[in-house]
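Taking it in order: structure first as structure tokens, then the write-up.
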Amino acid sequence: MKKVLIGFTLILTLFVAAILLYLRSSSGFRSVYLVPSNAVLLVESRDPLMAWDNLVHSAAWEHLSTNNLLQEINEEIVSFDSLVNSSKFIMRLVGQKPVLISQHPISNSKYEMLYVVEVGKLAKYKKPEKILRSVFGKNYEITSRNYKHIKIIEILDLDEGVYYFMSLLHGKLIFSFEPKLVEASIDASEEMIVGRSRKFLDVYSKMSNTGLVNIYINHQNLGPYLNSFSTEVKRDFTRMKHIYFSGIGFNIDEEGLISVEGYSSFSDSSAAIYHDLLRGGKLELETAEVIPQRIASLAKINFKNANTYFHSSMKAIGAREYNEYLENLAKIEKKFKINLEENFFSWMDKEMVLVQTQPSNLGRNNEFAAVLHAKDSSDAARSLQFMWRQIRKNSPVKIKSVDYRGYSIDYVAFPGFLKLLFGKLLDKIEKPYFTQIGMNVIISNHPQTIKNLIDDYLSANTLSNSIDYYNFNKLFSNKTSMFTYFEPPVLYHNMKAFLSPESWSNLKKNKKYFTCFNQAGISADLSGELLHFTLKAKYQPELEEWGRQYFNSTEIFSLFANQEPGRTIQQEVEEESKTDTIPVIIIHELDAKKQQTYHANGLVNQVVELKKGLKHGTFKAYHPNGQLYIKGDFSMDEPVGKWKYYSEDGELMKVDKY
């Protein structure tokens, strides 16, 4: 960073020397024509001072810069910011000139930057080294040499022992700490490989005036660069080898809304797959009426034909994976005598939503579900029931059904069933549980998650009633093929299940930098022949915890006096508090007759009798020392009769009646 600051100071000195005479003009030669073809990344700003001012002085950066990992960078930024503020007039003139920075390999594992700055007629100044000598004096050794008839100025900082290299051509100043890059830039001015690439120009033309700062990624040169990253990062980006260039524009407003918009060009051979995957859809959630407000994240996928979409998604992964997918589908159809396109995919309409909610009464376990919107609710129900009958008839697979609050929950004891149908998209759901609410079929990995979604639906605690979600959605275009939504303060609690102990420990230390964005979303669609994507994130640091607010039951009773005849408000509050003393009991298997759990010391924690997946019969809970804690009875999931509570010494503490 220090080298960069010194380099910018040298550039600024050149501008000061001739600013009034030359700087206001510009050439028609694009800066990108001077970028060598081995570039990995390009960073461009049409008004770097404004970009600097907006980003560095934003509340979001001021908060994030307190992070230990960013403090050293921020100290250098503060130093440079002082330089900017002390030369406002000059920097304003400089700042309005476009700046392009590119990153290039100079050895197997080393990368260096090339800087291209618009300077107009200043590039025609014949003896810039003379100005530099008079300004910097004896602490710098300044020489020049020619490369292909173009002058390269070499500046040696005698105190630091660091070389700087620059050249002036086509109305641009080229600057680098690596002489080979300046020479390669001069070569590029003749070849213009990057600047004339159709795949790059398609993206570049869309990115004009998109962001304060635009970043371009050359995916074809990305492989070696990723060797310095983790295996996971390298693998994920390697899968994107069919993408040629991506452009990403960054903006931030005064209210802390961070916006990222970009485009990607891809190979002609993969164009058909992208068109199948990203055919137009709407941002609006058809399934919002059943998706709970207790949300950590959701991913919405639009499609016109479910069967075509999922085949295309497997093709995008690879030929081998797609062939395995076809073989698995053929085996399922032959084994169960079904037609998956007709009996399973045909009733699906428009969208699939993958939902991860805030852990509730599953403790630390994440609640995961997939919601499929149906064209017709009756057709979806008939198709699923036909599937279950065929599976029962042609295999030993168990299928159980229970009723919960008027909705049937079906359990298919067929591990890996959904992975065979959807690939890795639903590999989290090893043993699927199904239910249907209106036009929506819900699939989950746990019966309690299904019950929670039914409870939220009946209580109207869903996204269709969320003002926060509605207002955030208005920031995006209604035309989108894929949409992912996050609430980082809620998602934070779910991350432990996905991270190594070391990574989780690091995340905990940096919690406030993760949860300071209360909402974030990413959308994707096609714009002509390009992938178009948008990211929005709302910075709101005062919200350490983010969640929907619910009325406490006692507060509700205090607001209304229309209690049941013959019952006082106090009696209703006491009844509510009684129910709160019953411990949470999670049923893990719908076909079990009894469930028993244990304390960490190996002693019994809870024992409950079951019927059709519901608590029905005697319930007992024990203290960690083995003494009886609670004894009571359930009838079809509801507490009945007398419930007795005991101390760790065996003393009866209270009795509740239901």
**OP:** Residue by residue through region 191-200, note down the ones that are part of a helix (DSSP H, G or I) and closer than 15 Å to residue 100 by Cβ.
**Re:** 200
Original post:
How do the pairs read when you match residues in region 288-308 that are at negative phi with residues anywhere that are open to solvent by 10 Å² or more (accessible area, probe 1.4 Å) and part of a strand (DSSP E or B), using Cβ under 6 Å and keeping only pairs 6 or more apart or on different chains?
Top reply: 296/356; 297/356; 297/486; 299/354; 299/484; 301/482
**OP:** Output yes when any residue across region 460-471 is under 29 Å from residue 408 (Cα atoms) and touching a Pro at 6+ places or on another chain (Cβ under 7 Å), and no when none is.
**Re:** yes
Original post:
Within the group 154, 178, which residue is open to solvent by less than 50 Å² (accessible area, probe 1.4 Å), farther than 21 Å from residue 118 by Cβ and in contact with a Ser or Thr (Cβ under 6 Å, 6 or more places away or on another chain)?
Top reply: 154
Original post:
Restricting the first residue to region 186-201 and requiring it to be buried (at least 18 other Cβ atoms within 10 Å of the Cβ), which pairs with a second residue that is part of a helix (DSSP H, G or I) meet a Cβ separation below 7 Å and a spacing of at least six or different chains?
Top reply: 188/33; 188/34; 189/33; 189/34; 194/32; 194/200; 195/32; 195/33
Original post:
Is it fair to say residue 355 is part of a strand (DSSP E or B) and touching a Leu at 6+ places or on another chain (Cβ under 7 Å)?
Top reply: yes
Original post:
Does region 613-623 contain any residue that is charged (D, E, K, R), modelled with pLDDT of 90 or more, open to solvent by 80 Å² or more (accessible area, probe 1.4 Å) and farther than 30 Å from residue 292 by Cα?
Top reply: no
Subject >> One residue from 300, 282 being among the basic types (Lys, Arg), closer than 25 Å to residue 476 by Cα and at pLDDT 90 or above >> reply: 300
**OP:** Out of 400, 334, 350, 419, report the one residue that is among the charged types (D, E, K, R) and modelled with pLDDT of 90 or more.
**Re:** 334
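The values are calculated or read from the model by the stated rules, or taken from the named source; none is laboratory data. All values derive from a computational prediction rather than experimental measurement. Here Cβ is always computed from backbone atoms with ideal geometry, including for glycine, and neighbour counts include all displayed protein chains. Note: areas computed on protein heavy atoms with side chains; ligands, DNA, RNA excluded. Shrake-Rupley method; radii C 1.70, N 1.55, O 1.52, S 1.80 Å.
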